[in-house]
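Contents: one structure, followed by commentary.
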Amino acid sequence: MFLTKLAIKNLTRHKRRTIITALVISFGIFIFLVSDSLMVGMRDLTLNNSINLQTGHLQVMNEEYWDEKEELPMDNLIEQNPAILEQINNIINTDNYTSRLQFSASINNGREEFPINAIGIDPEKDKKVFNLEEYILEGEMFTEGQNVVIGKGLANLMGFSVGDYVTLLFRTKEGTFNTIDAQLTGVLDAPHPEINEFHVYLPLDLAQDSLNIGNKVSRYLFRLDNRDNSIEVSNKLNTFFNDRGSNLQAYNWEQLSQELLAMIQQGNIENLVMLFIIIILATVGVINTVILSALERLEEIGMMKALGLKVREIVYVFVIESAGIGFIGSVFGVLLGGIGVYLMSTFGISISTMTEGQTTFGIPIADKIYGGWEINTFIFIFFFGIIISILASILPARWGAKKDPVKAIYHK
Amino acid sequence: MALLKLDDIKKVYHQGKIDVPAIRGISLEIEKGEFTTIFGPSGSGKTTLLNIIGCLDKPSSGDITYDGQKKLSELSKNELSDFRRYNLGFIFQGHNLIPVLTAFENVEFAIRIIDEITKKERRKKVLDILESVGLKGLENRKPNELSGGQKQRVAIARALVKNPKLVLADEPTANLDSETSEEVLDIMLKMNEKLGTTFIFSTHDPQVMKYARRLIEIRDGKVTHDEQGEDLDVPH
């Protein structure tokens, strides 16, 4: 206890040095917390946007279609069967479902063509799963007929305005070329670059007729009351499909967002880099402080040894002192980080300002990212700062404590 | 029985390929309660001998028997630390007080690490010893608020508070003026008489030697003179 008291008092010997070392740790912690908050905010926003605009919570499609879904094939589509849909809805216990038909096409403005992803939707059902309509910038969402809605980026690229006629070129299921001439009823400005630049939405029945595929669709899409249930529900559905010997399979939003989650995982590497920076900052700061302290206190170390203190007891004094520096650094770091995260979560950071509206790096986010709170991160980094300070101090403390007492006392 | 028995102690320092002998075979016996001064010119080996007696340094050869039983060469580093903790007191030329602790806490340090007595007893003991060395009322001052003499008194109190059997003092008055030196020496002599503590000093100050009850002269690492009594022939 006395040695602990001594270690704490030692923190006041060189207040400026203690504060500077602690501030270095605080700075590292602050950067980590802000960066982590940004990642959390980006992750939440990205996933929410992806779920609300593209994937929903759950999708059902043909097992073979899943393997080739990136190519948007016309094979292995689902024949819409009201009886099966009713059974699915009974299992999922929701009326929030829709069907979509996706196919590859080119958009033509009379002068140029551009490859796009055409999506046939039933607007009434679609809005139970997606919030696409909220992002109509100009015009309105179609209800039926020869109409399309496209994203702002695509509209700008092709020079389309609401009311213009758009031509879509594509191949039918049989491989013959076909076109759709449709009026542009609305322009979207969604927080998702893919939607803004590559998607064309048209009525489902128009798409089905034009592709000559009857009432088939690519997939059923569902919104659950709680997205956390999606794994459990998809497992139930798959058991149901397997029992019936069906080719259908259910996929939860995590399976549907694998690429996105992988991208988020990449983002977590940034946090590891930040952690590494904290380790370096804290280690250098603490080692420097302990070595300086040990050199300054050589005579004291010698005296302590003469009094009968063992190496581990002297090391203990330095380690507790470093833990104290780590504690101060962690407290300030967490406080500063808390302020930073609060500001980020309240006011956000404008990505469009940073990139002049050119890109969101392919990530489905709005023009602003808001910081996210994760209390566990605060707790983790608080103790991390202290533990790193302790670990960093052990070797230099041992170096000081193992000094020959005679040399230490007489400062030779 | 002698408190300390030094048996043919030798110490050689190795400086590169050159061996520098500091102690060339010293055999001595120090009785309990002695007030002994080791003197000699600079580089004669006084401090080295004191460090060896205090287990801060190891002899190259020879052994020290403590209290007729313990051979110090047979003890491990940790056992030597424990031996110093419970049996020895040190007073250094530079007092070596801890600047962030008060006079009280600096003295308390020596018995806190022994921890065999209650807080109340410990407090009484520290206050008593501080009073004995004339520092009553200055307990809460930090070293930078004390004069050189007062600091050395704190160091004496720290060395004596645990009632060690042996106190080793390496030129304890070297940084003090003559008046303060006498005060400090008076205190140590008083403690020697009052507590029966054995004192061994190293010095080359004749004023300090006047207080000695035994004078041991060392030259070139050997004892050249060893005299005991009340009125010793102090060299000038």
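The numbers here are math on the coordinates, done by the rules we state, and not lab data. Computed from a predicted structure; not experimentally measured. Using ideal geometry, Cβ is built from the backbone for each residue, glycine included, and neighbour counts are taken over all protein chains shown.
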- Query: How big is Rg to Rh over the protein assembly as shown, alpha-carbon atoms, Rh as the Kirkwood inverse-mean-distance radius?
  - Reply: 1.33
- For segment B:190-227, which GluC sites (Glu not before Pro) are both in a DSSP coil and crowded by at most 13 other Cβ atoms within 10 Å? none
- Item | Eligible lysines near B:K165 by straight Cα distance, threshold 19 Å, same-chain separation 8 or greater | A:K305, B:K5, B:K32, B:K70, B:K71, B:K125, B:K190, B:K194
- Item | Spin-label pair A:E133/A:S345, simplified geometry with 7 Å Cα→Cβ offset, distance in nm | 3.2
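What shape does segment A:90-218 take by its C-alpha gyration tensor, where a ≥ b ≥ c are the square roots of the eigenvalues and a/c under 1.5 counts as rounded, a/b above b/c as prolate, and the rest as oblate?
In terms of gyration-tensor shape, oblate.
What FRET efficiency would be calculated for the residue pair A:N48, A:I19, taking the C-beta separation as r and a Förster radius of 35 Å, to the nearest 0.05? Can you show the working numbers first?
Values: r = 42 Å, r/R0 = 1.19.
After rounding, the FRET efficiency stands at 0.25.
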- Query: What's the average, rounded to a whole number, of partner chain beta-carbon atoms within 10 Å of each residue's beta-carbon in A:304-316?
  - Reply: 6
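Among the GluC sites (Glu not before Pro) within segment B:59-143, which fall in a DSSP loop and have no more than 12 other Cβ atoms within 10 Å of their own Cβ? Before the final figure, lay out the partial values.
On the way: sites: B:E74, B:E79, B:E105, B:E108, B:E116, B:E121, B:E131, B:E139; in loops: B:E116, B:E139.
Answer in residue order: B:E116.
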- Note on the structure: The alpha-carbon center of segment B:81-108 and that of segment A:109-162 are separated, in whole Å, by 84
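Within segment A:81-127, list the GluC sites (Glu not before Pro) lying in a DSSP loop whose Cβ has at most 12 other Cβ atoms in a 10 Å radius. Kindly include the intermediate steps, with their values, before the conclusion.
Numbers: sites: A:E86, A:E112, A:E113, A:E124; in loops: A:E112.
Taking segment A:81-127 and a limit of 12 other Cβ atoms within 10 Å, the loop GluC sites (Glu not before Pro) found are A:E112.
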- Just counting partner chain Cβ atoms within 10 Å, what average do the residues of peptide B:104-111 show around their Cβ? 2
- Message: Straight-line reach only, C-alpha to C-alpha below 13 angstrom: list the aspartates and glutamates that A:K407 could link to, leaving out same-chain residues fewer than 8 apart.
- Response: A:E299, A:E300, B:D57
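Let me know the longest stretch in chain B that avoids all trypsin sites (Lys or Arg not before Pro) found in a DSSP loop with at most 12 other C-beta atoms within 10 Å. Numbers along the way, then the final one.
Working: sites that count: B:K17, B:K136.
Result, exposed sites excluded: B:18-135.
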- Query: Can you give the charge dipole size of segment A:90-218 about its Cα centre, rounded to the nearest 20 debye, using +1 on the beta carbon of Lys and Arg and -1 on the beta carbon of Asp and Glu?
  - Reply: 380
- Item | Rounded if a/c under 1.5, otherwise prolate or oblate - segment B:38-136, Cα gyration tensor axes | oblate
- Task: Could you tally the net charge around A:K127, taking each other residue with its Cβ under 11 Å from the Cβ of A:K127, Lys/Arg +1 and Asp/Glu -1?
- Result: -2
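How would you classify segment A:100-162 from its alpha-carbon gyration tensor, with a ≥ b ≥ c the square roots of the eigenvalues: rounded for a/c under 1.5, else prolate if a/b is greater than b/c, otherwise oblate? Each step should come with its number before you reach the end.
Values: a/c = 2.07, a/b = 1.49, b/c = 1.39.
Because a/c hits 1.5 or more and a/b exceeds b/c, segment A:100-162 counts as prolate.
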